[in-house]
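Asker: What follows is a single structure, and I will ask about it in a moment.
Just so it is clear, none of the values below were taken in a lab; they were calculated from the coordinates. From a predicted model like this one, the values you see are computed outputs, not experimental measurements. Virtual Cβ from ideal backbone geometry, glycine too; neighbours counted across all protein chains shown.
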Amino acid sequence: MDNDANYTAYRRGRKIRPVVQTLLKETGIDLTSGAGTPELIGFQEHFRDYKFTVYQGLSCDDIMFEGQVDASKRINLLYDHVERHYHVITNVTGAMAKRYVRRACKKSCRSDITHVRDQTCSDCMTSPPCAFSEVRFPCD
């Protein structure tokens with residue numbers, strides 16, 4: 001990076017520093033020693049409107065952390081073991097060089113139509129399957 005790029009990155013970082021410090025104070029998360037699973041869980045608990053998924057590689061099977069929330073909004077991250085840094089994935093299908101990645105099961109294929117689901121509801125074909133107990137009610 002040249003000096004202009006370093007200065008621009010520094011200025012951007014300086015602008016968001018107060019926001020980040022407020023967030024860390026609100027959540028009680030300490031990043032002085034880096035971030036691992038406990039910190040990811042803390043962020044997931046704070047941002048319940050988003051589902052955090054962290055990949056350790058560019059394959060659908062390389063999930064190292066997935067938040068246990070039911071949210072339609074997603075934050076996808078790629079963990080870089082060399083740099084020990086989390087990168088934001090803005091386009092999962094583009095990052096994985098796939099045409100289609102199913103949100104529910106994280107499997108990839110050429111299209112949604114050809115996607116083979118491991119577990120689906122026998123009535124409505126959603127994945128994961130609709131939950132039911134002894135008595136089965138029609139699903140949405």
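Asker: List pairs: first residue in the stretch 64-93 and within 19 Å of P38 (Cβ to Cβ), second residue among the charged types (D, E, K, R) and assigned to a loop (DSSP other than H, G, I, E, B) anywhere in the structure, Cβ distance under 6 angstrom, at least six positions apart or on different chains.
Answerer: V69/R48
Asker: From the residues in the stretch 46-61 that are closer than 20 Å to R84 by Cβ and of a type in the set (A, V, I, L, M, F, W, C), which one is surrounded by the fewest Cβ atoms within 10 Å (Cβ to Cβ)?
Answerer: Once the filter is applied, the top-ranked residue is L58.
Asker: Additional query: Could you list, ordered by first residue, the pairs with Cβ atoms under 7 Å in which the first is in the stretch 15-44 and closer than 20 Å to L78 by Cβ and the second is surrounded by fewer than 10 Cβ atoms within 10 Å (Cβ to Cβ) and of a type in the set (A, V, I, L, M, F, W, C), at least 6 apart or interchain?
Answerer: Filtered contacts from the stretch 15-44: E39/L31.
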